[in-house]
Every structure is written in C-alpha cells, then in structure tokens.
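Can you keep this structure in mind? I'll have questions shortly.
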Amino acid sequence: MSTEPRTVTVNLLVTKPLEIEEPDWCVGHRDDHAQFRPDLTHNGPEVSARIDLRRGPAKFLTAWISHAPYGELAPEPQPILAINVGADTLSCDPDGVRSFTNLVRAHCDVLDQLATELERVRGGAQ
C-alpha cells in the first residue's frame, strides 16, 4: 500500500456575478442563479384568457414576450412571443403570432357552428 497522498481532479462550477442589460419589459427573473450565460432569459408579464369551470377558474392561451439573447441551442436575435398551448409552448415572431390568432379565430367559428348543432341536437332530444 502506497503512503503517497492520493489526488483527484474535480471540476468546479465557479460562480461570479454577471451584470447584464435588462429590457424595460422584463419582469425580473424567477431565479437569479443561472449556471451559464446561455441560460439567461428575459420574460415579460404573462397574459391569459380565463374561464370559470365547475371545479374553479382556469387560464388558457397564456402568452408573454421572451428573449434568450445568449441561447446556445437556439439563440434568439430578437424577442419572441411565447404562447402556452396545452403542454406545448410556441415561440412566434410577429407573423407567426398573426398566423396563430387567425387559426384560433377560424377554430372559434367552428366552435360556434358546433354550438348551433348542439342546440339542434338538444332540442330534438327533448
């Protein structure tokens, strides 16, 4: 058995404060601890449609302005609109937002048609 001291190399995450510019629309950061610069994301206030369900209020189509200026996998050169749709979040530029809202409006027309059909079905079932 050796009497020499054993050594090991361990990678340490060195942290230090990083001062960054924050846009006036950013509402702050949920966590002031980012491991790497690409983890930094600016987010604006969330807006949601709200509906009262039997089990209580629910919100849907939550959206906010977001910008990940240093993102490694998908750096965003410009802020985008993040739209939460179910379990997915869409990242849209202004044209993408307009395409999305046109699709939602068209779908609302279909829902109105279904409401008319439902009235007919209910009237016939009585």
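Kindly establish whether residue 72 is in contact with a strand residue (DSSP E or B) (Cβ under 9 Å, 6 or more places away or on another chain), part of a loop (DSSP other than H, G, I, E, B) and among the acidic types (Asp, Glu). Explain how you work it out, then say what you get.
Numbers: in contact with a strand residue (DSSP E or B) (Cβ under 9 Å, 6 or more places away or on another chain): no; part of a loop (DSSP other than H, G, I, E, B): yes; among the acidic types (Asp, Glu): yes.
It is false that residue 72 is in contact with a strand residue (DSSP E or B) (Cβ under 9 Å, 6 or more places away or on another chain), part of a loop (DSSP other than H, G, I, E, B) and among the acidic types (Asp, Glu).
Suppose we keep only residues that are over 15 Å from residue 70 (Cα atoms) and in contact with a strand residue (DSSP E or B) (Cβ under 6 Å, 6 or more places away or on another chain) within the range 26-46. Which one would you say is modelled with the lowest pLDDT?
Looking at the filtered set, the residue picked out is 26.
Give the residue, chosen from 77, 23, 5, that is touching a residue at least 40 places away in the same chain (Cβ under 8 Å) and not in a strand (DSSP E or B). Break it down into steps so the answer makes sense when it comes.
Working: 77 fails: touching a residue at least 40 places away in the same chain (Cβ under 8 Å); 5 fails: touching a residue at least 40 places away in the same chain (Cβ under 8 Å).
Step by step, each of 77, 23, 5 is checked, and only 23 is touching a residue at least 40 places away in the same chain (Cβ under 8 Å) and not in a strand (DSSP E or B).
Since residue 14 meets every condition but one in (1) out of contact with any strand residue (DSSP E or B) (no Cβ under 8 Å at 6 or more places or on another chain); (2) part of a loop (DSSP other than H, G, I, E, B); (3) surrounded by 10 or more Cβ atoms within 10 Å (Cβ to Cβ), which condition does it not meet?
(3)
I'd like the full set of residues that are among the charged types (D, E, K, R) and over 11 Å from the mean Cα position of the chain (by Cα), limited to the range 67-108.
From the range 67-108, those among the charged types (D, E, K, R) are 72, 76, 88, 93, 95, 98, 105; that's our starting set.
72, 76, 93, 95, 98, 105, listed by residue number.
Which numbered condition trips up residue 82, out of (1) modelled with pLDDT of 90 or more; (2) out of contact with any strand residue (DSSP E or B) (no Cβ under 8 Å at 6 or more places or on another chain)?
(2)
With (1) in contact with a strand residue (DSSP E or B) (Cβ under 8 Å, 6 or more places away or on another chain); (2) without any contact (Cβ under 8 Å) to a residue 40 or more places away in the chain; (3) in a helix (DSSP H, G or I) as the list, and residue 49 as the residue in question, which single condition is left unmet?
All conditions pass for residue 49, except number (3).
The values are calculated or read from the model by the stated rules, or taken from the named source; none is laboratory data. Keep in mind the model is a prediction, meaning the values are calculated, not measured. Cβ atoms come from the backbone with ideal geometry, glycine included; neighbour counts cover every protein chain shown.
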